[in-house]
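J.: Got a structure for you, written out below as structure tokens; questions coming shortly.
The values are calculated or read from the model by the stated rules, or taken from the named source; none is laboratory data. The structure displayed is predicted, hence computed values, not measured ones. Note that we place each Cβ from the backbone using ideal geometry, even for glycine, and neighbour counts take in every protein chain shown.
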Amino acid sequence: MYKGIAASPGYAAERAFVLKEQALSIPQETITADQVELEKQKVRDGLEQVKQELAVTREDVRERFGEEECAIFDSHLMMLEDPTLLEEIDREILDSAKNAVWAAHDVLTTHASVFEAMDDAYLRERAADFKDLRGKLARRLLGVGDVSLETLDRPVILVAHDLTPSQTARLNPKWVKGILTEIGGPTSHSAILARTLQIPAVVGCGPIACEITDDTILALNGNTGEITIHPEQELVDLYHREQLAFQEEQTRLRAAAFETVYTADGKRIEIAGNIGNPADSRSVLANGGDGVGLFRSEFLFLEREQMPSEEEQFEAYAEAAREMAGRPVIIRTMDIGGDKQLPYLPMEAEENPFLGFRAIRLCLAEKEMFLTQLRAILRASSHGKIRVMFPMIATEEELLEAKSMLAQAKEQLRERQLPFDEKIETGIMIEVPSAAIIADQLAPHVDFFSIGSNDLIQYTFAADRMNQKVSYLYNPVHPAILRLIGRVVQDAHAHGKWVGVCGEMAGDPLYAKELIALGVDELSMTPSLIPRMKQAIKGMSTTTLIYQ
């Protein structure tokens, strides 16, 4: 038996189909000065072809699953239409004398590498999107066709090194009963699509494909990440029965996901979704979310050559507000720094950037940049129920300065006679232990707290959860963490303020049970987790703690 990462729940037991990707050979040939314009035009033609293909894929997904599931391809199209991408490729052709495919491949590889190095799992998985676009563009420029999966005519478990979102979207669940990949994570767009298609998937299995051939019988458990090669017939029959029962349960969960949810003892719990761009809000709605609990606004600032304008930011925030149609959208001001660097905002190298000049610390130093974002958020608040949230607050002084900047942005909009919500709700991320300890001092200055459990746990134990040597210390239900969260909730409620959680704890029913017993009012998670969480909460109590 092998063990990977459970990425899409369910069971499958079928013969394997091993996807053999054609390796691309990128010609690294320099060009002459009189060839520069020709190579630039090749890139433009290639990008246009990729856009047209993505538009066709988007339409196919829309017809099969509805508008809400098109968000992934909307974000891909947005990446391709970013003028800075073309500018970077042009500059690579001109300055380095690289041919079109070489220049485009290197630029998109650089973008992917930046995201791969990030600590945030959601942003780290966006590297796969750049690799998907890199492969598509390279194939168009080289005249190489894509590997087709549309000719399958029998039930299989698809085995691949990795799958791109475009490949996943075109899978036919009639024949593809399971997905197994050697790399990838549960927050990748391919994993999200697999969950949308309700195809069980296990990712990150390592070099397992070399041990599997076409027609090898596999048994795949998408709930636990377990893979069995050459299973006994008894296990095959069991998985077939379990998958049928699972599909029936999913139908019930989706139907009930749009109901307001209460605990067994009658407390209303809001269930929201975490998003990284406006298009993701459609997935929140499709899964029955009550709002957006975390909009990571830094997606607008990353992988660009220049700062996004106030107008660009306003349009993105307003789009999310309009999509959510009156449901709350909490926009976290940019969490830049640490593993998220901006080429147009040079920062000195730091020995420990995760404990350094980042998030609100950077914003309070770069006041004009911060004011521009705050004005954009405020303007968007006239289009829906926007809330603003400051990340990585460690002291009362930081919070007061951030609020002063927000007041300044409001005054600037009044002078310009632009509308905004004068009573916009303001909150902070509780992710630094010092903020949790002085929550009673911070609560009078905000309307809500949102606990970023991932960083709160890491900072409390001084342990990087991505470092396998110390990851054993990353324990969401350690008494130290539960006492910090309990203290935050108690202090917030004493001042009439509500508390949410937007880290990974919020999406796990076992941990959510603890959070609700501690008095948490809102949980925000990956949108696809919302239906199951809503069902689980109905059996939870606000008084029962498992861990003390």
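J.: Which residues, counting only those in the stretch 204-248, are in a loop (DSSP other than H, G, I, E, B) and among the β-branched types (Val, Ile, Thr)?
T.: Taking the stretch 204-248 first, the residues in a loop (DSSP other than H, G, I, E, B) are 204-208, 212-216, 222-225, 230-232.
Answer for the stretch 204-248, where residues must be in a loop (DSSP other than H, G, I, E, B) and among the β-branched types (Val, Ile, Thr): 208, 212, 213, 216, 224.
J.: Is at least one residue of the stretch 263-273 at positive phi and either in contact with a Phe, Trp or Tyr (Cβ under 6 Å, 6 or more places away or on another chain) or at pLDDT 95 or above (or both)? Reasoning before the result, please.
T.: Filtering the stretch 263-273 down to residues at positive phi leaves 266.
From what's left, either in contact with a Phe, Trp or Tyr (Cβ under 6 Å, 6 or more places away or on another chain) or at pLDDT 95 or above (or both): none.
No, the stretch 263-273 contains no residue that is at positive phi and either in contact with a Phe, Trp or Tyr (Cβ under 6 Å, 6 or more places away or on another chain) or at pLDDT 95 or above (or both).
J.: Of all residues in the stretch 488-519, count the ones that are farther than 21 Å from residue 539 by Cβ, in a loop (DSSP other than H, G, I, E, B) and touching a residue at least 12 places away in the same chain (Cβ under 8 Å).
T.: Matching residues across the stretch 488-519 total 4.
J.: Restricting to the stretch 102-117, name every residue that is within 17 Å of residue 302 (Cα to Cα) and of a type in the set (A, V, I, L, M).
T.: Just the residues of the stretch 102-117 that are within 17 Å of residue 302 (Cα to Cα), to begin with: 107-117.
If the condition is that a residue be within 17 Å of residue 302 (Cα to Cα) and of a type in the set (A, V, I, L, M), then 107, 108, 112, 114, 117 are the ones that fit.
J.: If I go through the stretch 246-256 residue by residue, how many of them are within 16 Å of residue 200 (Cβ to Cβ) and either touching a residue at least 40 places away in the same chain (Cβ under 8 Å) or surrounded by 12 or more Cβ atoms within 10 Å (Cβ to Cβ) (or both)?
T.: Qualifying residue count for the region: 5.
J.: Something else about it: From 244, 163, grab the single residue that is more than 23 Å from residue 275 (Cα to Cα), not β-branched (Val, Ile, Thr) and not assigned by TED's automatic domain parsing to the domain that holds residue 508. Quick ask: steps written out before the conclusion?
T.: On the way: 163 fails: more than 23 Å from residue 275 (Cα to Cα).
Answer to the check: 244.
J.: Would you check if there is a residue in the stretch 144-156 being surrounded by fewer than 22 Cβ atoms within 10 Å (Cβ to Cβ), over 26 Å from residue 216 (Cβ atoms) and among the β-branched types (Val, Ile, Thr)?
T.: yes
J.: A further question follows. Among what's in the stretch 309-323 and is closer than 22 Å to residue 360 by Cα and crowded, with 18+ Cβ neighbours inside 10 Å, pick the residue that is farthest from the chain's Cα centre (by Cα).
T.: Taking the candidates together, the pick is 314.
J.: Can you name the condition, by its number, that residue 472 falls short on among (1) surrounded by 14 or more Cβ atoms within 10 Å (Cβ to Cβ); (2) over 23 Å from the mean Cα position of the chain (by Cα); (3) outside any loop (DSSP other than H, G, I, E, B)?
T.: (1)
J.: Also, quick follow-up: Please enumerate the residues belonging to the stretch 414-447 that are farther than 15 Å from residue 492 by Cα, buried (at least 17 other Cβ atoms within 10 Å of the Cβ) and of a type in the set (A, V, I, L, M).
T.: Once the filter is applied, which keeps residues that are farther than 15 Å from residue 492 by Cα, buried (at least 17 other Cβ atoms within 10 Å of the Cβ) and of a type in the set (A, V, I, L, M), the stretch 414-447 yields 424, 432.
J.: Which residues, counting only those in the stretch 1-18, are under 26 Å from the mean Cα position of the chain (by Cα) and farther than 16 Å from residue 235 by Cα?
T.: 3, 4, 5, 6, 7, 8, 9
J.: Here's a check for you: in the stretch 195-207, which residue that is among the aliphatic types (A, V, I, L, M) and under 13 Å from residue 162 (Cα atoms) is surrounded by the fewest Cβ atoms within 10 Å (Cβ to Cβ)?
T.: The extreme case among them is 203.
J.: Restricted to the stretch 274-286, and to residues that are in contact with a Phe, Trp or Tyr (Cβ under 9 Å, 6 or more places away or on another chain) and of a type in the set (S, T, N, Q), which residue is farthest from residue 125 (Cα to Cα)?
T.: Step one: list which residues in the stretch 274-286 are in contact with a Phe, Trp or Tyr (Cβ under 9 Å, 6 or more places away or on another chain), which gives 274-281, 286.
Narrowing the set further to residues that are of a type in the set (S, T, N, Q) leaves 274, 277, 281.
On the way: 274: 14, 277: 14, 281: 18 Å.
Per the stated criteria, the residue is 281.
J.: Against the conditions (1) of a type in the set (Gly, Ala, Ser); (2) under 24 Å from residue 434 (Cβ atoms); (3) buried (at least 19 other Cβ atoms within 10 Å of the Cβ); (4) at pLDDT 90 or above, where does residue 337 fall short? Just the number, please.
T.: Unmet for residue 337, out of (1) of a type in the set (Gly, Ala, Ser); (2) under 24 Å from residue 434 (Cβ atoms); (3) buried (at least 19 other Cβ atoms within 10 Å of the Cβ); (4) at pLDDT 90 or above: (4).
J.: Turning to a different aspect of this structure: I'd like to know if the stretch 257-266 contains one or more residues that are in contact (Cβ under 8 Å) with a residue 12 or more places away in the chain, among the hydrophobic types (A, V, I, L, M, F, W, C), part of a strand (DSSP E or B) and crowded, with 21+ Cβ neighbours inside 10 Å.
T.: no
J.: Another question, then. Which ones in the stretch 14-45 are closer than 30 Å to residue 175 by Cα and out of contact with any Asp or Glu (no Cβ under 8 Å at 6 or more places or on another chain)?
T.: 14, 19, 20, 21, 22, 23, 24
J.: Pick from the stretch 42-72 the residues that are within 29 Å of residue 284 (Cβ to Cβ) and among the basic types (Lys, Arg): which of them is modelled with the lowest pLDDT?
T.: Once the filter is applied, the top-ranked residue is 64.
J.: Only one of these is without any contact (Cβ under 8 Å) to a residue 60 or more places away in the chain, buried (at least 22 other Cβ atoms within 10 Å of the Cβ) and not small (Gly, Ala, Ser): 101, 107. Name it.
T.: The unique qualifying residue is 107.
J.: A follow-up question, please. I'd like to know if the stretch 366-375 contains one or more residues that are acidic (Asp, Glu), at pLDDT below 90 and over 24 Å from the mean Cα position of the chain (by Cα).
T.: Scanning the stretch 366-375 turns up no residue that is acidic (Asp, Glu), at pLDDT below 90 and over 24 Å from the mean Cα position of the chain (by Cα).
J.: Can you tell which of 169, 255, 209 is modelled with pLDDT under 90 and more than 25 Å from residue 132 (Cα to Cα)?
T.: 255
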